[in-house]
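S.K.: Here it is, the structure, as structure tokens.
The values are calculated or read from the model by the stated rules, or taken from the named source; none is laboratory data. These numbers were taken from a predicted model, which means no experiment stands behind them. Every residue, glycine among them, receives a Cβ derived from its backbone with ideal geometry; neighbour counts consider all protein chains shown. Note: areas computed on protein heavy atoms with side chains; ligands, DNA, RNA excluded. Shrake-Rupley method; radii C 1.70, N 1.55, O 1.52, S 1.80 Å.
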Amino acid sequence: MDPKQTSSAATMKDVAEHAGVSTATVSRALMNPEKVSAATRQKVEQAVIATGYASHGLSRNARRNETRTILVIVPDICDPFFSEIIRGIEVTAAQQGYLVLIGDCAHQDHQEKTFLDLMLTRQIDGMVLLGSQLPFDADPEALRSLPPMVMGNEFAPEMALPTVHIDNLTAAFEAVNHLLQLGHRRIACITGPEAVPLSQYRLQGYIQALRRSSIPVEPMFIVRGDFSFEAGARALKQLMSLPQPPEALFCHSDLMALGAMNQARKLGMRIPQDLSIVGFDDIELARYYEPPLTTVAQPRFDIGREAMLLLLDELQGKRVNNGSRLLDAELRVRGSTAPAKKR
């Protein structure tokens, strides 16, 4: 690359390719130069100059050794479920003098490199991951060079991260069992995406509740969604077109439950007289909808607070075991569920 054509948009990957080393090696050479050989350090320094990488900011951060900044990765910033979790993180972070940056996975487009650069160049002190996947691809060597990370809301054992979440399987079991106790037998389920671990746990809770009551699991009663209002509406329309439609519905999120309720009205159905519906999350809109939604309430603010506290422990050098910190969920019975009609 011509040094005269330098650009502030150069990334760490550009430096690594120019120097012929990995991004992790670039990170070590810039942040901990004593950990690499003199020859490697020289190659990286020359590549920084050649690519125009913003090394001045790196030097400034290295001198003060911390940024007092946390990155929170959100699966979808438009989903109201995450608002209280983020508030829990921000309130707790502010009490300790930390600033919170929000990264939106659903609408990030080309921000993958930006997220990775923030991590590798230590422009943030740590990260709270609210989904089950990292927002970038990184080789094992690069992962070992990243700042501390914790997971909130999801539980993915393969990530081996400190985690705060609820028991999604048991919560789903209790939600479906509520419908069973009301006398419902044809109970459908609108799930979240198959790749999302909590969707798998909630689906297992649904299946186990039916089997416990000796009710066969009907594949046609299980419809995949994506946690959106529109997905709930589409799924309800599909379910109601069955020869024997369901009389009750368990949804993996409140947004999908509200979408299903809205579609039910369009079909001339009454909630809960014609169809009982249970959601999951207890977003603020759930209690103000008509009728108010029966749902599994997650302690969303507490999830955010506890995740941030775990990260603070790591940043302060305290020993934090990988695994889960389990919080309690609660089924809140409201007006969207009622006893089954007598046959």
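S.K.: Taking amide H positions as placed 1.01 Å from N in the peptide plane, with prolines and chain starts having none, which residues 5 or more places from L101, or on another chain, fall under 5 Å of its amide H?
M.R.: I70, L71, V72
S.K.: So, by mean Cβ neighbours within 10 angstrom, what's the order for 292-301, 186-195 with the highest one leading?
M.R.: 292-301, 186-195
S.K.: What's the carbon and sulfur percent of segment 234-277's accessible surface, probe 1.4 angstrom, rounded to a whole number?
M.R.: 48 percent
S.K.: Could you go through segment 234-246 in sequence order and give the Karplus-derived ³J(HN,Hα) for each residue, using 6.51 cos²θ - 1.76 cosθ + 1.60 with θ = phi - 60°, rounded to whole Hz, and x for Gly and Pro?
M.R.: Taking θ as phi minus 60°, the curve returns 4, 5, 5, 4, 5, 5, 6, 8, 5, x, 10, x, x Hz for segment 234-246.
S.K.: Is segment 214-343 best put as rounded, prolate or oblate by its Cα gyration tensor, with a ≥ b ≥ c the root eigenvalues, rounded for a/c under 1.5, and otherwise prolate when a/b is larger than b/c, oblate when not?
M.R.: The shape class here is prolate.
S.K.: A further question follows. Hey, can you grab everything whose amide H is under 5 Å from the amide H of G183? Only 5+ residues off in sequence or another chain; H modelled, so Pro and N-termini drop out.
M.R.: Result for G183 returns A340.
S.K.: Related question: Apply the Karplus curve 6.51 cos²θ - 1.76 cosθ + 1.60, θ = phi - 60°, to the phi angles in segment 277-283 and return the couplings in whole Hz, x for Gly and Pro.
M.R.: Per-residue couplings from phi come out as 10, 10, x, 8, 2, 6, 5 Hz.
S.K.: Enter the accessible area per residue of segment 187-294 (Å², integer; probe 1.4 Å; all protein chains in place).
M.R.: Per residue, segment 187-294 has an accessible area of 43 Å².
S.K.: Could you rank the peptides 311-322, 274-285 by their average count of other C-beta atoms within 10 Å per residue, with the highest value first?
M.R.: 274-285, 311-322
S.K.: Go through segment 265-273 residue by residue and turn each phi into a ³J(HN,Hα) via Karplus (6.51, -1.76, 1.60, θ = phi - 60°); whole Hz please, and just put x for glycine and proline.
M.R.: Taking θ as phi minus 60°, the curve returns 4, 4, 8, x, 9, 9, 10, x, 4 Hz for segment 265-273.
S.K.: If packing is taken as the average count of other Cβ atoms within 10 Å, what order do 81-89, 204-212 fall into, highest mean first?
M.R.: Highest mean packing first, the order is 81-89, 204-212.
S.K.: Whose amide H sits under 5 Å from the amide H of L327, counting only residues 5 or more places off or on another chain, with H placed in the peptide plane?
M.R.: Residues meeting the criterion, in which the H sits 1.01 Å from N, are H165, I166, D167.
S.K.: What length, rounded to one decimal in nm, is gained on full extension from E330 through to R224, with 0.36 nm per residue of separation minus their alpha-carbon distance?
M.R.: In short, 35.7 nm is gained.
S.K.: Something else about it: With the Cα gyration tensor of segment 189-258 giving a ≥ b ≥ c as the square roots of its eigenvalues, does the rule (a/c under 1.5 for rounded; else a/b larger than b/c for prolate; else oblate) give rounded, prolate or oblate?
M.R.: oblate
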